[in-house]
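As structure tokens, the structure follows; a few thoughts come after it.
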Protein chains: 2
Amino acid sequence: MGIDLKELLERFGRGDRSALSRVITLVENRSSLAPEILDALYTKTGRAYRIGITGPPGAGKSTLVSGLVQVLRSKNKLVGVIAVDPTSPFTGGALLGDRIRMQEIGLNEGVFVRSMATRGSLGGLAEAATDVADIMDAFGKDFVVTETVGVGQCELDVAEACYTTVVVIVPESGDSIQAMKAGLMEIADIIVINKSDREGADNIARQTRAMLELRGERNGWMPPVIPTIASQSKGLDDLYEMIDKHRQFLEASGLLAKHRRTNIERTIRALVESEIYRTIWNESTMHHLEKLVDEVMAGRISPRRASRQLLERLQEDGE
Amino acid sequence: MGIDLKELLERFGRGDRSALSRVITLVENRSSLAPEILDALYTKTGRAYRIGITGPPGAGKSTLVSGLVQVLRSKNKLVGVIAVDPTSPFTGGALLGDRIRMQEIGLNEGVFVRSMATRGSLGGLAEAATDVADIMDAFGKDFVVTETVGVGQCELDVAEACYTTVVVIVPESGDSIQAMKAGLMEIADIIVINKSDREGADNIARQTRAMLELRGERNGWMPPVIPTIASQSKGLDDLYEMIDKHRQFLEASGLLAKHRRTNIERTIRALVESEIYRTIWNESTMHHLEKLVDEVMAGRISPRRASRQLLERLQEDGE
């Protein structure tokens, strides 16, 4: 059962795909080796450009990602793809069609695909996706493309950790409104109207531009609206060019460095907090908590008073 | 600017609606008086039955809530309604039509309606909604109905704090699949197919039942699927009866008490953690954090090592 970490990291350093896969699995499953692995790889990170692709279900994100990966490969770029699906334990994973499409991209030499799904709690999926992006970065990928399915807090968190976020919508009544309500418009650096051969494409493009006008520039960048037909590989070169333009903008304005700084700060804070929570919610505190819940259930104290009692106890323990 | 808290709580205790409104505002805005208010009211809570209504945008949730409130009023029940809209800062609030509908319900004597929206961070909205439900409970409401718009972590958190969660979908292609993907099916105690005079209603009801069959009972309860046409007040009595049936089931099985216990435990833990969070991220720690971020940016240490250094420092400070 023992893992020879040194040998594994050596193989990883030589570009062995199976070592990459193994390392990701260890980190994803929160193996006890994970901290050591991430520490060892960290100095090799910081090169890969991170792109996030998000949007409502059915917008054709997976097809768009496949197409974008082909464009990147045609420029000899090495690509990592992460498909994040915060699916319920009920469905038990990504939709089959999406999964097959992802596997096909992964057959391409120079492309590494990883699907991540959560079962149960949504917490930590965004952090885990960032860890996997770091690993692919350290492996030598030039680009890491993270696709998130659905709309929710996890998507927003994943997008925050990417440098360029592409929001994909389709010409369907209300799609732009729903994307807006889900907070997707705020995080968009580029908006793609996919399936733009469908009726209403011009309309939704106009509507989207109007919404963006209302919002105005953010940090000096006005998100462009790009029509694509991913299933026919149309508009994908335009998309790549726009991503590159956004990258140049971020680099020239110093925003890319600022972005990296924010990511690092967020990571450190999250690590500190999770360690502190792990320490405080030990067996003894949990036992005390249960007794306090009894008191609250009986109507003798309020939850707030209970929390103060618990805090006092934690303070005494720390002294 | 001083608030006479004693006088306010006295008016609240006499059933003064404007005092209720004032108390909610103080708590929602995290006034410095909020902890004292919640403490004072806590012993009066625990009576109201808490119903959550959720589902994708456009499912007719607001109309369904209006109808359900009418059914409850016809049985002389006092009702509080909370409309939670985790809307983006970009849209700036609930859709106008929904807001007007909610105001109309609120004109009814015996019904109190409160809309809650967030601007910016989604964090804390679910906790705030639970506080508001507690306040309405303490005011003497028999039922608190919380409607959440959209699909996301906030909805799941709100649903967790309710005793009966109703998930509303409509006969539209893919709606049940999307609801499932968003994790709504797992949290449903009752599933409503609204607008069930539309084509495909039978189909989606069958599909939904099949999904539920696959999942099987949860804690001995199999969620029923109920057709409604909320705009014509059809099916709402059935819905109320099913909610009541679920309530009886929860009471008889002891699950209601267990549910309340879990809610209390979660509240205490959240209070403890937010206080600890406030304590650790003080000016001095933040200053130290910035210096560590510099070290990481320069490639000298990893975020993990930085977090360990920060933890050591926090430990020293605590001694």
Can you name every residue in region B:184-217 that is away from chain A (no Cβ under 14 Å) and touching a residue at least 40 places away in the same chain (Cβ under 8 Å)? B:Asp189, B:Ile190, B:Val192, B:Asn194, B:Lys195
Selection from region B:234-257 of residues surrounded by fewer than 15 Cβ atoms within 10 Å (Cβ to Cβ) and in a loop (DSSP other than H, G, I, E, B) yields B:Gly254
Subset of region B:268-317, residues in contact with a Leu (Cβ under 8 Å, 6 or more places away or on another chain), part of a helix (DSSP H, G or I) and not hydrophobic (A, V, I, L, M, F, W, C), comes to B:Arg269, B:Glu275, B:Thr285, B:His288, B:Pro303, B:Arg304, B:Ser307, B:Gln309
Identify, from the list B:Thr267, B:Thr228, the residue that is more than 14 Å from chain A (Cβ to nearest Cβ) and crowded, with 16+ Cβ neighbours inside 10 Å. B:Thr228
On the basis of being exposed (fewer than 13 other Cβ atoms within 10 Å of the Cβ) and not basic (Lys, Arg), does A:Ala201 make the cut? no
Filter region A:55-110 for residues that are over 17 Å from the mean Cα position of the chain (by Cα), within 13 Å of another protein chain (Cβ to nearest Cβ) and at pLDDT 70 or above and give the result. A:Gly58, A:Ala59
Exactly one of B:Arg30, B:Arg14 is at positive phi and without any contact (Cβ under 8 Å) to a residue 12 or more places away in the chain, and that residue is B:Arg30
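Residues checked against (1) more than 8 Å from every other protein chain (Cβ to nearest Cβ); (2) surrounded by 12 or more Cβ atoms within 10 Å (Cβ to Cβ); (3) of a type outside the set (Asp, Glu):
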site: B:Asn219; (1), (2), (3): yes, no, yes
site: B:Leu292; (1), (2), (3): no, yes, yes
site: B:Ile301; (1), (2), (3): yes, yes, yes
site: B:Arg308; (1), (2), (3): yes, yes, yes
Before we move on, is A:Leu250 in contact (Cβ under 8 Å) with a residue 40 or more places away in the chain, more than 9 Å from every other protein chain (Cβ to nearest Cβ) and not charged (D, E, K, R)? yes
Restricting to region A:1-54, name every residue that is among the basic types (Lys, Arg) and either in a helix (DSSP H, G or I) or in contact with a Gly (Cβ under 9 Å, 6 or more places away or on another chain) (or both). A:Lys6, A:Arg11, A:Arg17, A:Arg22, A:Arg30, A:Lys44, A:Arg47
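The values are calculated or read from the model by the stated rules, or taken from the named source; none is laboratory data. Keep in mind that this is a model prediction, so the values were computed, not measured. Neighbour counts are summed over all protein chains in view; Cβ atoms, including those assigned to glycine, are modelled from backbone coordinates with ideal geometry.
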